[in-house]
């Protein structure tokens, strides 16, 4: 991939896993694409994931960021997403 992908890293409150949300990648049925170490690419409801997670710090999402960049992503990291 050569185009930048808007990415928001979140941390699940219960188990602490990190998820990367790609809110501009439409996955159908009002869902967006997402990525985790386990399960990798999937689709999720952005608002639901935001409600059950907290914003991940750069140190918390470092490994997942490196994994995404290793498979070709050019990340445009943001803290939140506002639909246009």
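What residue, of 60, 24, 66, is within 23 Å of residue 2 (Cβ to Cβ) and at pLDDT 95 or above? When all the criteria are applied, what remains is 66.
Which count do you get for residues in the range 56-68 that are assigned to a helix (DSSP H, G or I) and either surrounded by fewer than 12 Cβ atoms within 10 Å (Cβ to Cβ) or at positive phi (or both)? If you could, list the steps in order and put the result at the bottom.
Here is the first cut: in the range 56-68, the residues assigned to a helix (DSSP H, G or I) are 58-68.
Next cut, either surrounded by fewer than 12 Cβ atoms within 10 Å (Cβ to Cβ) or at positive phi (or both) only: 58-59, 63, 66.
Here the count works out to 4.
Just one of the numbered conditions (1) surrounded by 10 or more Cβ atoms within 10 Å (Cβ to Cβ); (2) part of a loop (DSSP other than H, G, I, E, B); (3) in contact with a strand residue (DSSP E or B) (Cβ under 9 Å, 6 or more places away or on another chain) is not true of residue 2: (1).
Residues checked against (1) surrounded by 12 or more Cβ atoms within 10 Å (Cβ to Cβ); (2) modelled with pLDDT of 95 or more; (3) touching a strand residue (DSSP E or B) at 6+ places or on another chain (Cβ under 8 Å):
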| position | (1), (2), (3) |
| --- | --- |
| 31 | yes, no, yes |
| 54 | yes, yes, yes |
| 71 | no, no, no |
| 75 | yes, yes, yes |
| 78 | yes, yes, yes |
| 84 | no, no, no |
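Within the range 5-29, work out how many residues are closer than 23 Å to residue 59 by Cβ and either surrounded by 15 or more Cβ atoms within 10 Å (Cβ to Cβ) or within 12 Å of the chain's Cα centre (by Cα) (or both).
Kept after step one, since they are closer than 23 Å to residue 59 by Cβ, are these residues of the range 5-29: 5-23.
Within this subset, residues satisfying the condition of being either surrounded by 15 or more Cβ atoms within 10 Å (Cβ to Cβ) or within 12 Å of the chain's Cα centre (by Cα) (or both) are 5-12, 17-23.
Of the residues in that region, 15 qualify.
May I ask you to verify whether residue 42 is free of Cβ contacts under 8 Å to residues at least 40 places away in the same chain, within 13 Å of the chain's Cα centre (by Cα) and either farther than 21 Å from residue 4 by Cβ or part of a strand (DSSP E or B) (or both)? Here the answer is yes, as residue 42 does meet what is asked. Apart from one condition, residue 52 fits all of (1) under 11 Å from the mean Cα position of the chain (by Cα); (2) over 23 Å from residue 3 (Cα atoms); the exception is (1).
Contact map, the range 1-19: first residue without any contact (Cβ under 8 Å) to a residue 12 or more places away in the chain, second residue outside any strand (DSSP E or B) and buried (at least 20 other Cβ atoms within 10 Å of the Cβ), Cβ cut-off under 9 Å, separation 6 or more or different chains; the map is empty.
The values are calculated or read from the model by the stated rules, or taken from the named source; none is laboratory data. All figures in this text were calculated on a predicted structure; none of them were measured in a lab. Every residue, glycine as well, gets a Cβ built from its backbone with ideal geometry; the counts of neighbours run over all protein chains shown.
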